[in-house]
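The next block holds one structure in the form of structure tokens; read it before the comments.
The values are calculated or read from the model by the stated rules, or taken from the named source; none is laboratory data. Please read all numbers here as calculations on a predicted model, not as lab measurements. With ideal geometry, Cβ positions are generated from the backbone for all residues, glycine too; neighbour counts draw on all protein chains shown.
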Amino acid sequence: MSLLSRLSGEQISLENKQEITIKPLTTSKNSNELEVVLHSFLVDELKKPMNQKQEMEPLIEKLTNDFLGKEGNHLTFEEKKQLKHDISHEITGYGPISPLLDNPSVTEIMVNGPNDIYIEVNGKIEKTSIHFRDNLHVLRVIEKIVAPLGRRIDESVPMVDARLPDGSRVNAIIPPLALNGPTMTIRKFSEVPFTINDLLRMGSLSENMALFLKVAVKSKLNIFISGGTGSGKTSTLNVISSFIPNDERILTIEDAAELRLSQEHVVALESRSSNIEGQGEITIRDLVRNALRMRPDRIIIGEVRGGETLDMLQAMNTGHDGSLGTGHANSPRDLLARLETMVLMSGLDLPVKAIRQQISAALDLIVQQARMKDGSRKITKITEVLGLEGDTIVLQDIFVYNERKNPTTGRSEHQFTTTGIRPNCIEKFTIAGHNIQTMFKDEWV
């Protein structure tokens, strides 16, 4: 009896430890059914971890050729070639989306169930012809991503945030919450982290803005990066954190570790969701509190979302200067309102004025980032927090991005300019030993 006949109708254990039943094959023995059997055969034959891609590919090809020599006589040459291609991605990668992950021009992958897969290229979304076999196929890929991180996804925990080995961010949500089937969104990150020169080349900011941010980080100003979803906040945070001197101890705190800092003395902390009994959760707030006992020179929070905001502000106000973080907001003023709301989420009944005093004393700069209509990302404002006057936090724009349509040519024109107002933080630059007259002689001297 052939291997295919023996496996038909039997329970087959996949690498995600779930049991599925292969229905008896029809006389046509289509390639999709054969791929399921071949996948199970290879998993059983390899008997080793699925992450040794370079070592496994030759063995996979040999085993696949042997298998198809016995069971794939009914397939054409092209069908066999495609089957070998698909099964290689299935074993060593993440199934049908593996080529998209390997394509550097693809910045985001959106899986809306097994049949609708979209990608973002150059800031534009387009649909692909790629598809999964069924919902179980998508679920198996999701589990392959989250399992190495000690996380899980099932009906009791139908949402999960995770990351790929290269740092790309993954969010997954499954039925019954996702009506289209298992849904996954992957925000890809460059294998080589962006540098300030990359942001300059892409037109995300001007040279003077880059120099100003570099001096601000070195002078230990507390900076928040604000922007909407997909505006490039994490990439910008990664870039400006590269200006931190190499002799400082840096602690990064994230839901899913994405930051890749070039400094030597970096301690990366990552939150943890609760286990199946609903216990063992470690929140961002827990990590911020613990970080204060780890003798940090700088604390970097990937994104503030809740009560940890109060702990972060208190850290900034008690000697941990030069801290960095990001938050969702459409303008610097909106960020202040969101920070107020998130401080209230800490559970402490604080008066609004006390919260605003904390915010105004802690923050020095807000870097506003936006995603433009053409898909590009721009730093639209660098705004200074001056302090509290009455009940209002006073802000002052230092750099702004202007875009307007030329009435003569009809074309859009854009430029980065300064407001001409001398920043108060210039004094901190001077105290930190930076020669402002040399650096910004055309701006504020």
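Determine the pairs where a residue that is within 30 Å of GLY375 (Cβ to Cβ), located within the range 126-141, has a partner that is assigned to a strand (DSSP E or B) and hydroxyl-bearing (Ser, Thr, Tyr) with Cβ atoms under 6 Å apart, the partner being 6 or more residues away or on another chain.
Final answer for the pair search is LYS127/TYR118.
Yes or no: the range 160-183 includes at least one residue that is hydroxyl-bearing (Ser, Thr, Tyr), more than 16 Å from the chain's Cα centre (by Cα) and surrounded by 15 or more Cβ atoms within 10 Å (Cβ to Cβ).
yes
List pairs: first in the range 187-211 and on the phi > 0 side of the Ramachandran plot, second outside any loop (DSSP other than H, G, I, E, B) and of a type in the set (A, V, I, L, M, F, W, C), Cβ under 7 Å, 6+ apart or cross-chain?
Sorted first by the residue in the range 187-211, then by its partner, the list stays empty.
Could you tell me how many of the residues in the range 275-290 are without any contact (Cβ under 8 Å) to a residue 40 or more places away in the chain and either touching a Gly at 6+ places or on another chain (Cβ under 8 Å) or of a type outside the set (D, E, K, R) (or both)?
10
If you take just the strands (runs of 3 or more DSSP E) that sit entirely in the range 208-325, which of them hold at least 3 residues that are assigned by TED's automatic domain parsing to the domain that holds VAL400, at pLDDT 90 or above and in contact with a helix residue (DSSP H, G or I) (Cβ under 9 Å, 6 or more places away or on another chain)?
In the range 208-325, 223-227, 250-254, 298-301 are the strands (runs of 3 or more DSSP E) which contain 3 or more residues that are assigned by TED's automatic domain parsing to the domain that holds VAL400, at pLDDT 90 or above and in contact with a helix residue (DSSP H, G or I) (Cβ under 9 Å, 6 or more places away or on another chain).
Regarding the range 371-391, can at least one residue be identified that is free of Cβ contacts under 8 Å to residues at least 12 places away in the same chain, within 30 Å of ILE355 (Cα to Cα) and assigned by TED's automatic domain parsing to the domain that holds SER206?
Among the residues of the range 371-391, at least one is free of Cβ contacts under 8 Å to residues at least 12 places away in the same chain, within 30 Å of ILE355 (Cα to Cα) and assigned by TED's automatic domain parsing to the domain that holds SER206, which makes the answer yes.
I need the full set of residues from the range 347-367 which are within 12 Å of ASP391 (Cα to Cα) and charged (D, E, K, R), in order please.
LYS353, ARG356
Between a first residue in the range 160-175 that is closer than 19 Å to ILE117 by Cα and a second residue that is surrounded by fewer than 16 Cβ atoms within 10 Å (Cβ to Cβ) and hydrophobic (A, V, I, L, M, F, W, C), which pairs have beta carbons less than 7 Å apart while being 6 or more apart in sequence or on different chains?
What qualifies is ILE173/MET159.
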